[in-house]
Amino acid sequence: MPGLGELVTVLEGWFDPRWAESWDAVGLVCGDPAEPVERVLLAVDPVPATVSEAIDVGAQLLITHHPLLLTGVHGVPADDPKGGLVHRMIRNHVAHYVAHTNADVARPGVSDALAELLGLADVRPLDAQDEEALDKLVVFAPHADAERLVDALDAAGAGRLGDYDRCAWTTDGTGTFRPLDGANPTIGRAGEIERVAETRIEMVVPRRVRAEVVAALRSVHPYEEPAFDLLHMAAIPGRRGTGRVGELRATVPLREFVATAAAALPRTEWGVRAAGDPDRPIHTVAVCGGSGASHVEDARRAGADAFLTADLKHHPAVEAVTELGEGAMALVDAAHWATEAPWLDTVAAALRERFGTTVDVRVSRQVTDPWTLHVPSPPK
Ligand SMILES: [Zn+2]
């Protein structure tokens with residue numbers, strides 16, 4: 001039976017907290033990493049119904065997509081609605097863990113599950129996040145010190161490429177310098193030109209460990225004034241990002257696509273509605289789990305025939321389908337909860353694969369979409 005800490009490490013490998021938006025609140029909300037976990041419950045929303053379910057099924061961990069405490073708090077009194085939930089979870093030994101915008105951009109992430117449910121192929125990010133910011137370090141050292149220097153730079157976090165570490169390129173050449181009065185040279189004497197057989201070492205450096213890598217360089221390099229370049233590398237669009245765009249196996253009219261989406265998504269009272277010509281052919285589809293209104297333009301740029309997301313508003317919808325006229329991209333508005341719930345099953349499957357029978361993983365089937373009634377107007 002794994003400990004909570006081990007589960008959190010695995011979850012953060014899939015949904016790195018560094019990928020979350022700066023305004024977001026992800027990670028462990030409550031729980032002791034040292035305590036064992038034998039049952040996990042997954043849900044979209046941390047609300048009284050799902051907290052009760054976690055307690056009732058005997059889960060020691062509730063994983064949700066939405067944060068409980070998104071805005072700043074300075075206390076969790078039990079008579080506050082959110083504070084009360086924290087109290088209930090702690091008293092019942094239920095830990096709470098959140099993977100929100102870091103799960104949106106992950107591969108696989110929230111919108112991958114949605115795209116898969118709709119049968120999209122050749123899926124790519126709608127708004128690709130840049131790969132981690134990198135610098136390139138170029139440093140020159142005497143041959144004899146080169147390997148030791150590479151070791152030290154590696155230990156400080158330089159030279160990581162995917163599943164490889166200690167990656168470096170070396171070339172041999174000749175360095176030259178003249179120590180001035182007052183210098184304390186490792187090689188040579190003040191006032192005399194020196195020529196030294198040196199190795200040029202090149203390694204990538206994640207920008208976040210720039211200071212640690214330069215400190216390691218200075219502490220291990222034998223020279224009083226080591227020569228090095230630290231180059232700012234251009235950003236590269238990565239595999240991760242918000243939303244997905246892909247292709248349907250067959251081109252279908254909008255009315256058929258909407259019917260298929262309504263049947264495929266988890267059931268809600270809201271269902272699915274669309275803005276656009278019901279006969280418009282749909283082949284390329286963009287999706288964004290949750291509130292994707294800010295990605296309408298990304299979807300249009302990606303050449304989507306339809307964009308399925310949640311929380312779309314009147315004016316942007318009017319602009320998108322009326323002002324742009326014939327052939328405009330259709331907007332498909334689903335219930336927020338229904339666009340994110342499919343992700344729970346993919347996380348549950350991954351947890352079962354990772355922990356086997358040592359952890360019982362369950363997905364809440366409670367519909368926590370807040371809209372409980374939806375009545376189309378009767379014909380007049
Ligand atoms: Zn959401």
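The values are calculated or read from the model by the stated rules, or taken from the named source; none is laboratory data. Note that the coordinates shown come from a computational prediction; the quantities given were computed from them, not determined experimentally. We place every Cβ from the backbone using ideal geometry, glycine too, and count neighbours over all the protein chains shown.
Details
- Residue in segment 5-22 that is farthest from L344 (Cα to Cα), counting only those that are out of contact with any strand residue (DSSP E or B) (no Cβ under 9 Å at 6 or more places or on another chain) and in a loop (DSSP other than H, G, I, E, B): S22
- Hey, H96 touching a strand residue (DSSP E or B) at 6+ places or on another chain (Cβ under 7 Å) and of a type outside the set (K, R) or not: yes
- Exactly one residue out of A334, A341, A349 is within 25 Å of the chain's Cα centre (by Cα), within 14 Å of the ligand (Cβ to nearest atom) and either among the basic types (K, R) or over 17 Å from P46 (Cα atoms) (or both), and it is A334.
- Which listed residue is buried (at least 18 other Cβ atoms within 10 Å of the Cβ), in contact with a Ser or Thr (Cβ under 7 Å, 6 or more places away or on another chain) and either within 20 Å of V150 (Cβ to Cβ) or not small (G, A, S) (or both), from R244, R240, R195: R244
- Here L231, L308, L265 are screened, and the one residue that is surrounded by fewer than 16 Cβ atoms within 10 Å (Cβ to Cβ) and at pLDDT 95 or above is L231.
- Only residues that are within 16 Å of the ligand (Cβ to nearest atom) and either surrounded by 11 or more Cβ atoms within 10 Å (Cβ to Cβ) or basic (K, R) (or both) were counted across segment 63-76, and they come to 8.
- Entry remark, segment 319-339: residues being touching a strand residue (DSSP E or B) at 6+ places or on another chain (Cβ under 8 Å) and farther than 18 Å from G271 by Cα number 3 in total.
- Of all the listed residues (A146, A141, A158), the sole one being free of Cβ contacts under 8 Å to residues at least 60 places away in the same chain and touching a Leu at 6+ places or on another chain (Cβ under 8 Å) is A158.
- Test: residue in segment 116-126 that is closer than 25 Å to A338 by Cβ, under 14 Å from the mean Cα position of the chain (by Cα) and within 16 Å of the ligand (Cβ to nearest atom): yes
- In segment 311-348, of all residues being touching a helix residue (DSSP H, G or I) at 6+ places or on another chain (Cβ under 9 Å) and charged (D, E, K, R), the one that is surrounded by the most Cβ atoms within 10 Å (Cβ to Cβ) corresponds to E340.
Residue by residue, here is whether (1) more than 16 Å from the ligand (Cβ to nearest atom); (2) within 17 Å of V359 (Cα to Cα) holds:
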{"site": "E12", "(1), (2)": "yes, no"}
{"site": "D24", "(1), (2)": "no, no"}
{"site": "V29", "(1), (2)": "yes, no"}
{"site": "L61", "(1), (2)": "yes, yes"}
{"site": "A78", "(1), (2)": "yes, no"}
{"site": "N92", "(1), (2)": "yes, no"}
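- Annotation: V252 fulfils all but one of (1) β-branched (V, I, T); (2) loosely packed, with under 13 Cβ neighbours inside 10 Å; (3) farther than 30 Å from V150 by Cβ; the unmet one is (2).
- Checking each residue in segment 50-62 for being surrounded by fewer than 17 Cβ atoms within 10 Å (Cβ to Cβ) and of a type in the set (D, E, K, R) picks out only D56.
- The set of residues in segment 99-110 being within 15 Å of the ligand (Cβ to nearest atom), of a type outside the set (D, E) and in contact with a strand residue (DSSP E or B) (Cβ under 6 Å, 6 or more places away or on another chain) consists of V105, V110.
- Count of residues meeting criterion [closer than 21 Å to V367 by Cα and under 28 Å from the mean Cα position of the chain (by Cα)] in segment 271-286: 2
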